[in-house]
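Peer 1: Take this structure first; my questions come after.
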Amino acid sequence: MDAPQPRLEKALVAAVLAIGVILRLGFAFAADRHSLVTVVTDDAFYYVQTARHIVAGHGSTFDGIHPTNGYHPLWMAVNLPIAALVADPVGMVRAVLAVSVACSLLTAMLLYAVVRRMCRHWLVPLLAVILYTLNARAVVGSLNGLETSLSTLLFTALLAFTVAEAHAAERPGPLRDAALGLLLGLLFLARTDNVFFAAAFFLAGVALVGEGARLRRAAIAAAVAAALAVPWVLWSWVEFGSPVQVSGLSIPYVHHELYRLEGHSAGEFVWRSARRFLGFLYEGLRGEIGYARPFTAAGLLLSAAIFARRWRTCSAAARRIALVLLGLLAASVAHIFVHTAIRWYPRPWYFDAMMVLLPAVFGIALGVFDPGAAFERLVRARRPAANPWNALTRTLLGLALAAAVAATAAASVRALRRGDWPWAREMVDAADWLRDNTAEGDVAAAFNAGIFATFSGRPVVNLDGAINNAAYTALRRKRLMEFMRQASVKLYVDFQPAMSDHFAPFFGDLAARVPMPVVHEIDRPDVRWGDSHIQIRRLEWPPAQGDP
């Protein structure tokens, strides 16, 4: 089948990209607060509130009381100028989402360029763009308000850089070495758990140059990457005693400790870790990356079969790229292992890079197979002379593409309407209650504190340690109630299970002596979390020892 004219091919890609952008921006700017928070995760508001404190001169703090390193630095750097320019929290969130949409658009364009370079047939790169741009999981993930889209853009930029290096006829110079280091450092700062992907890209980048240039490339790339990454790591280590953000330590600690307190043995701990890892590989990837399990498994097997079958006949560049993709898949498995088997806390936005990697693997494998040439040979064998059969094929293919775009776009619209966190609507209601019924300096506390703090205008102390290093210390000491007292917390706000059940072992002895009457309860009949609603409780602190 003949390829369309270049203008038509570009128009088809542009149409898919435009639909993806319209879907994302339409939601970002049309949704009200209660709809936004069902897609924009509570953690995103940690960035919003911390950035506002930083630009106000309060330092790196979420609540204005406790310093923290519980964020990824590059995304915080994006939030800072927005916080300086946009005072309204909803306006700031929309501006942050606009940056995320721009990152997603650039990611799709880079993905198209990567696959198009490896595949002569126009249909394959177009399908790769559809798979990523209109994937409902990717659409929702690009609007979560977190670093997801920026991290994925840098991952895709490194993939494009590596593919270009595999095709390079000349030995790259020092500037290319520095560019590799720059991208690696930015990838790490975008999400520090990208270290596995950074390592894979670094090894690939060194291996792709000639032997005489490898030592130079390794030294220059490592030096540039370290110049970007090391200051952040050292600051975290000096200020907070760990090179890892508190957001990467606190929740896993809680899950591990609760399991240990149930009386499980070390062997049971290991077995649970293994089950979480294997279960995620089988079931979790379907939900986290948006592709049906049979599609993912069949695509990977087909890609492996194509590379194995065509290994001797495909170009040297294709073989090099296949090895790079294999390394990135291995890095993905290590990435999954850490979040499932070690941290026990996989979140949807941890795996967005795989929504780019899988279409790239499938597309490049099909490029090696060259389905266009195979189809053309089949057509010529069946229809030696030009005839209307080709026109009919084009028509059917066009209808199939239109149906695929319509179906995936419709699935994305449904996912945006449904949202990942419908119960967050109650969190907005609770924030409004705090704003209307408390004084400006009154301190509240919550385990999920982002929405409460952003929309109430009150200091809200984060209790699970995700954005509060001092809270993490209190959790480990099992003195969370004493920590709340020291922070002068007056109101305790959260869903009831988090309040009295899940975190109960971490409150300490003081909890039994502090009455917590409910002063207000949010009761939206259409949403609930853990079969409960949000309660607002007043903490009635007993006199401290030595008080009159």
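Peer 1: Every residue in the range 49-82 that is hydrophobic (A, V, I, L, M, F, W, C) and surrounded by fewer than 24 Cβ atoms within 10 Å (Cβ to Cβ), please.
Peer 2: The answer is I54, V55, A56, I65, L74, M76, A77, V78, L80, I82.
Peer 1: If you check M76 against the conditions, is it closer than 30 Å to A410 by Cα and either in the same structural domain as A409 (by TED's automatic domain parsing) or in contact with a helix residue (DSSP H, G or I) (Cβ under 9 Å, 6 or more places away or on another chain) (or both)?
Peer 2: no
Peer 1: Only residues that are assigned to a helix (DSSP H, G or I) and hydrophobic (A, V, I, L, M, F, W, C): list them for the range 479-505, please.
Peer 2: Correct list: L480, M481, F483, M484, A498, M499, A504.
Peer 1: Looking at E239 and the list (1) closer than 27 Å to A466 by Cβ; (2) part of a helix (DSSP H, G or I); (3) out of contact with any Ser or Thr (no Cβ under 9 Å at 6 or more places or on another chain), which single condition is not satisfied?
Peer 2: Answer for E239: the failing condition is (3).
Peer 1: Let me ask another. Kindly indicate whether L143 is more than 20 Å from A334 (Cβ to Cβ), free of Cβ contacts under 8 Å to residues at least 60 places away in the same chain and in the same structural domain as V115 (by TED's automatic domain parsing).
Peer 2: no
Peer 1: Suppose we filter the range 527-537 for residues that are at pLDDT 80 or above and surrounded by fewer than 14 Cβ atoms within 10 Å (Cβ to Cβ); how many remain?
Peer 2: Summing the residues that are at pLDDT 80 or above and surrounded by fewer than 14 Cβ atoms within 10 Å (Cβ to Cβ) in the range 527-537 gives 0.
Peer 1: Look at S273 and say whether it is surrounded by 14 or more Cβ atoms within 10 Å (Cβ to Cβ), at pLDDT below 95 and either in the same structural domain as C119 (by TED's automatic domain parsing) or in a helix (DSSP H, G or I) (or both).
Peer 2: no
Peer 1: So, A229, is that one within 25 Å of V333 (Cβ to Cβ), of a type in the set (G, A, S) and either assigned to a helix (DSSP H, G or I) or over 25 Å from the mean Cα position of the chain (by Cα) (or both) or not?
Peer 2: Answer is yes for this residue.
Peer 1: While we're on this one: For the list (1) assigned to a helix (DSSP H, G or I); (2) buried (at least 19 other Cβ atoms within 10 Å of the Cβ), I need the number of the one condition that R476 fails.
Peer 2: Checking R476 against (1) assigned to a helix (DSSP H, G or I); (2) buried (at least 19 other Cβ atoms within 10 Å of the Cβ), the one that fails is (2).
Peer 1: If you check D63 against the conditions, is it out of contact with any strand residue (DSSP E or B) (no Cβ under 6 Å at 6 or more places or on another chain) and touching a residue at least 12 places away in the same chain (Cβ under 8 Å)?
Peer 2: no
Peer 1: Sticking with this one: Is there any pair with a first residue in the range 227-240 that is within 12 Å of T68 (Cα to Cα) and a second that is surrounded by 13 or more Cβ atoms within 10 Å (Cβ to Cβ) and among the small types (G, A, S) whose Cβ atoms are under 7 Å apart and which are 6 or more apart or on different chains, and what are they?
Peer 2: From the range 227-240, the pairs are S236/S242.
The values are calculated or read from the model by the stated rules, or taken from the named source; none is laboratory data. Please read these numbers as outputs of a predicted model, since none were measured by experiment. FYI the Cβ positions are ideal-geometry reconstructions off the backbone, even for glycines, and counts take in every protein chain you see.
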